[in-house]
């Protein structure tokens, strides 16, 4: 067994960027109509000097670009030159606190300076990092790297160079942080969801609208009060239908008091997250036209979720598809000390995400009697039972039997009825998904791509021109090779049957770690979607 087969590719570290484009060796066929760029974002290095990050979300962001033109493909990579990156590199140690890693003490620091810092009133912009390592968003001309904080960083999609200073969301809108998974409407409007911890009436979740993707024009169009004023829910994404926004308020909470305390005693934010094992998960529904909260309490047994797949309306009901975990250790499984354990170690935490569907009845709830199942017959095996107090208790159905995470769809079906979803899976409970799965959400049938010795990443669907079916197009993913850290390939699959059409292979200058999320930017497109 080679050294890397017993450890995760998430632990790779890039010691040298591939800053100048290199051309790949193409085998098979890259469709001539495929013209554009794939830009991906994710962890780049876990060490600065002799100091180490403790959680996968903390690693310094590394951007990857695959440029596709005339069936040729080039590759380059660059670190995001955030303030966190530059300050850490200058000090040769971790001096900026991240999600799971507190800044290391300054060995030459003065006691007076430490005392002065302790007396400073902590604000979100002081305790959050601009190490935007999770996702990419380009709706029109500008591209931004995203994370779950109050900061975004603009990057040049051609060179991957970081542009200008960090942008603080709190300077534009009344939110303290926002997700790294916005939605892009077909007209270029960007919607996102953020949390506000400074609202006079208590913590709330806010829907943000950015016409043409412009942060300067951003405004809050709806607010949802938190069930727990000082313990708001952690969330990573949200759903959007043609007429509603849907937010899952899960019992994975941020204990704000502990976060503030942590800024004074140098404790990382991850230590302030708690799973409320005995509490329910709530579904909060907001009308897009008015910003009005649907006044029905929808709830289910407690579960956690990172990623939504899709949501749509049908016969007065909202169908909500997501990747759900019925376990409490999802965030804990991504601690570096856990990832470093051998896969056969029984103490190693793993993840077992399921493709879950809920049905939320919007029409007719008031007239129903307690005990009624409000899910219309023949629609789903889910239930939505009206309770004596007027709330609706929802149960899920599993869309497919396989584990399923990092989902993507033909985004032109976002918020509408759809047939196919693409995501990552693993045959065993694992931290490293090793195959791409296509799911027929109507039948539960799955088709997969896997290759021995290689690991793909999150699939990106690109629709073919003049298509007449939802799955007319290709899947773009990267391939990493176990035991060969500088190997990387762009893989092109037929989205119909998940067979390989072609690939472009590269030898990077440094190690190529796994990435989280990415976006395809078509050369001829004026609006860029997911």
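Every number here is computed from the coordinates shown, using simple stated rules; none is lab data. All values derive from a computational prediction rather than experimental measurement. Cβ placement follows ideal geometry from the backbone for every residue including glycine, while neighbour counts extend to all protein chains displayed.
In Å³ and rounded to a whole number, note down the convex hull volume per residue for the Cα atoms of region 286-327.
Hull volume normalised by residue count: 104 Å³.
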Computed on Cα atoms, the radius of gyration and Dmax of region 255-335 in angstrom are 16.7, 53
Simple spin-label model, 7 Å along Cα-to-Cβ: residue 315 to residue 276 in nm?
-> 3.4
Starting from the Cα-Cα distance between residue 289 and residue 448, subtract it from 0.36 nm times their residue separation and give me the gain in nm to one decimal.
-> 53.3 nm
Here P(r) for region 116-272, Cα-Cα distances in 5 Å bins, as whole percents, is 2, 9, 17, 22, 20, 14, 9, 5, 1, 0, 0
Quotient of Cα Rg and 2.2 N^0.38 Å for region 194-277, N being how many residues it contains = 1.23
Percent of Cα-Cα pairs per 5 Å bin, from 0 to the last occupied bin, for region 456-529, please list those.
-> 3, 15, 21, 23, 18, 11, 6, 3, 0
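Which number comes out as Rg/Rh for region 248-293 once both Rg and the Kirkwood Rh are worked out on C-alpha atoms? It would help to have the intermediate numbers written out before the result.
Details: Rg = 15.0 Å, Rh = 12.7 Å.
That ratio equals 1.18.
Between residue 427 and residue 243, what FRET efficiency comes out of the Förster formula 1/(1 + (r/R0)^6) with R0 = 41 Å and r the beta carbon distance, rounded to 0.05? Walk me through the numbers on the way to the answer.
Values: r = 39 Å, r/R0 = 0.96.
So, using R0 = 41 Å, E works out to roughly 0.55.
What number does region 16-110 give for Rg over Rh if you use C-alpha atoms and the Kirkwood radius?
Working: Rg = 17.7 Å, Rh = 15.4 Å.
Rg/Rh: 1.15.
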Cα-projected label distance for residue 352 with residue 158, points at 7 Å along beta-carbon direction, nm | 5.1
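Using 0.36 nm per residue, how much length does the chain from residue 69 to residue 217 gain when fully extended, once their Cα-Cα distance is taken away? All intermediate terms of the calculation are to be shown ahead of the outcome.
Details: separation 148, 0.36 × 148 = 53.28 nm, distance 3.38 nm.
Contour length minus the Cα-Cα distance gives 49.9 nm.
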Would you mind pulling out the separation of the Cα centroids of region 18-74 and region 342-414, in Å?
-> 35
Given that compact globular proteins tend to follow 2.2 N^0.38 Å, what is the ratio of the alpha-carbon Rg of the chain to that value?
-> 0.94
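Tell me, what does the Kirkwood hydrodynamic radius of region 373-530 come to in angstroms if you use every pair of distinct C-alpha atoms? Display every interim value, and only then the final one.
On the way: mean 1/r = 0.0567 Å⁻¹.
Result for region 373-530, one decimal place: 17.6 Å.
Please list the equivalent ellipsoid semi-axes of region 214-353, computed as the square roots of five times the alpha-carbon gyration tensor eigenvalues, in descending order and whole angstrom. Let's see the in-between values first.
On the way: eigenvalues 179, 84, 42 Å².
They are 30, 20, 15 Å, listed from largest to smallest.
On alpha carbon coordinates alone, what is the Rg over Rh value for region 306-353, Rh being the Kirkwood radius?
Working: Rg = 16.0 Å, Rh = 13.0 Å.
So for region 306-353, dividing Rg by the Kirkwood Rh gives 1.22.
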